[in-house]
1. Of all residues in the stretch 328-347, count the ones that are over 14 Å from VAL397 (Cα atoms) and within 16 Å of the ligand (Cβ to nearest atom).
2. Which residues, counting only those in the stretch 411-420, are in contact with a Lys or Arg (Cβ under 9 Å, 6 or more places away or on another chain) and within 13 Å of the ligand (Cβ to nearest atom)?
3. Of the conditions (1) within 30 Å of GLY327 (Cα to Cα); (2) in contact with a Lys or Arg (Cβ under 6 Å, 6 or more places away or on another chain); (3) of a type in the set (Gly, Ala, Ser), ALA109 clears all except one; give me its number.
4. Of all residues being assigned to a helix (DSSP H, G or I) and of a type in the set (Gly, Ala, Ser) in the stretch 331-355, which is nearest to the chain's Cα centre (by Cα)? Just the residue, please.
5. Is one or more of the residues making up the stretch 527-539 within 15 Å of the ligand (Cβ to nearest atom) and not β-branched (Val, Ile, Thr)?
6. Check whether at least one residue in the stretch 503-513 is more than 14 Å from the ligand (Cβ to nearest atom) and either open to solvent by less than 30 Å² (accessible area, probe 1.4 Å) or not aromatic (Phe, Trp, Tyr) (or both), and report yes or no.
7. Among SER74, SER50, which is the only one that is in a loop (DSSP other than H, G, I, E, B) and open to solvent by 20 Å² or more (accessible area, probe 1.4 Å)?
8. Could you grab me the full set of residues in the stretch 282-333 that are farther than 26 Å from ARG515 by Cβ and among the aromatic types (Phe, Trp, Tyr)?
Amino acid sequence: MKPLTRIRSHRDYLDAYAKSVEDPSAFWAEQAESFIWRKPWDTVLDWNFSDPDVRWFEGGTLNITENCLDRHLSQRGDKPALIWEPNNPEEAHRTLSFRELHAEVCRTAEALRAKGIQKGDRVCFYMPMVPELAIGVLACARIGAVHSVVFAGFSAKALADRIEDASCKAVLCSDGNFRGSKQIPVKDVVDEALAKGCKSVETVLVLQRTGQDIAWTEGRDIWWHDALEGMPTESAPEIMESEDMLFVLYTSGSTGKPKGVVHTTGGYMVYSAYSFLNVFQPEENDVYWCTADIGWITGHSYIIYGPLLNGTTTVMFEGVPTWPDAGRFWEVCDKHKVNLFYTAPTAIRALMAKGSEWVDKHDLSDLRVLGSVGEPINEEAWHWYHEHVGRKRCPIVDTWWQTETGGIMISPLPGITEPLKPCKAMQPLPGVQPIMVDVNGNELTDTEAEGLLCIKHPWPSILRTTYGDHERCRQTYFSAFKNLYFTGDECRRDADGHYRIIGRVDDVINVSGHRLGTAEIEDAIDEHADVVEAAVVGYPHDIKGQGIYAYLICAHHVDDHEQFKNDVLETVTRVIGPIAKPDHMQIVSGLPKTRSGKIMRRILRKIASGETDRLGDTSTLLNPEVVQEIIEDSLHGKVS
Ligand code: WTA
């Protein structure tokens, strides 16, 4: 078996890129041949973007966990596969070799099978960042069950919505969660979610993590350790079709409830492995650490699948960057001799604000590549990351991609894409064909351009559908521009053809690297009995990238602003979770609307950003007078 093709030089990149565009099928077939397939595929690619219908490696069968685990056993059996660093530095870390991880995945897979979970069943995870989360995810993949990981910061209601949307048969959770100095109930939230309906759930597997008191539903709840008792350390992998569903991951869009982005087996495997290899350039004994949570796509592709498919040691961290102190990330890098480090700009900005001394005092001489993901990185943060963390030796890979793309799409290759330009994601990976268009869908053919970012040809890990609602997938991504996948992002291309991603052009805001729909937050605020109408926009925020600014119309006069504000925050926390809490709230008597009744968010965004001199023409509004009132109130400190 040939290994995946590694790009070693700029020439290699140009060759690979040219080949991937001239003959995508031949290019990806060659990459796919480096994996174990139970049966080879008949057709490399069949696609159209109008339905949309994209199929990679049809006719081929495989199991992704054989490629993550089994095939490494002979050469790498004793090599660390997973290093787990707990929340509390006083607690011992855990290392699982590929052999141990394989055994744990098999035991868990058999435990799930014993609970009647079969190929195609959906399994929801609501767990802290502990090894069992990665083990459980892989156990699902082992038996062909579809994992749906829900970030454990979401509320019971948000969890219930996601469980119901995918009719999950089981929920895997823990009793509680250690996060910084806090101990957070997890099982209680699951109980509350399941009390809302969720009739499909037959089993709740509970990992003992904090030992806190929890309620117990006999017949439904089972301790993780009891379920695994006596299970064999070998488990026959379910043989999957290449296009069988591997996982669902919910993400926010401009409208409605979050949707379940669906990824399938063969293409996702090939692309997550290929992109990891080339963007991070791991060497055999490297230790790689991605600080994301497995509740997001970054954790799926670049904590679990990408590294393990490449046989790379992956670190998983339970805690937070600032506890017990602002040096924790760097202490962990030093402790585990991390070579490749991947984090989000929001974390960099938060740590930068605490002062460089926290990073300067640690030995970071093993670091070789630094990655950034999730939102645009600003110049100041880029330089701080480069100087203080990378000590000016480590290239930064600013990786642009999305839940829907499954893997990194536009990124520098470390040591290969030179010189780096701060804050630019630079160039597409082989197989990725970006195209920029204007709002009317006309291609921007000049090299130097600013416009909407689309992709014109499928890559192996493109989303296949949105769970249970294919039409929504078509509408959201494939209807704006004919025969193009529309990313929702705006970007700039410089004279050298290098890309800088500016941000979303839809009603999605990116708060600390977390995607939230403004409509979703508005719906949550509207649940408060005294709110008549709410409009939410993003505005620039020093640490979070974007903050949440909510304009509210109240049912009656509010005397106690503080109380009201707290009530609204509580409502949002209950409906979505603390990540969606507005940073600013302003009570208004009306919202600027068009004559057809649409809220003019553009104006609200400008006011929230303090750009009141750039509002443009407001005279065509239905109620132009409210604009002045909103500006005055925002200036006169009524903003809480
Ligand atoms: C934004 C995260 C600028 C972008 C992997 C995208 C970025 C959204 C970058 C997807 C980057 C992600 N530079 N913006 N390097 N990476 N984004 O689905 O707006 O959570 O559309 O996937 O994050 O967020 P998601």
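The values are calculated or read from the model by the stated rules, or taken from the named source; none is laboratory data. Quick caveat, the model's predicted, so the values are computed rather than measured. Positions of Cβ are generated from backbone atoms using ideal geometry, with glycine treated the same way; all protein chains shown enter the neighbour counts. Ligands, DNA and RNA are excluded from the accessible area calculation, which covers all protein heavy atoms including side chains. Shrake-Rupley method; radii C 1.70, N 1.55, O 1.52, S 1.80 Å.
1. So the count comes out to 2.
2. Passing the criteria: only PRO412.
3. (1)
4. ALA347
5. So far as the stretch 527-539 goes, yes, one or more of its residues are within 15 Å of the ligand (Cβ to nearest atom) and not β-branched (Val, Ile, Thr).
6. No, that holds for no residue.
7. Numbers: SER74 fails: in a loop (DSSP other than H, G, I, E, B).
Just a single option satisfies the conditions, and that option is SER50.
8. TRP330 - this is the single residue of the stretch 282-333 that is farther than 26 Å from ARG515 by Cβ and among the aromatic types (Phe, Trp, Tyr).
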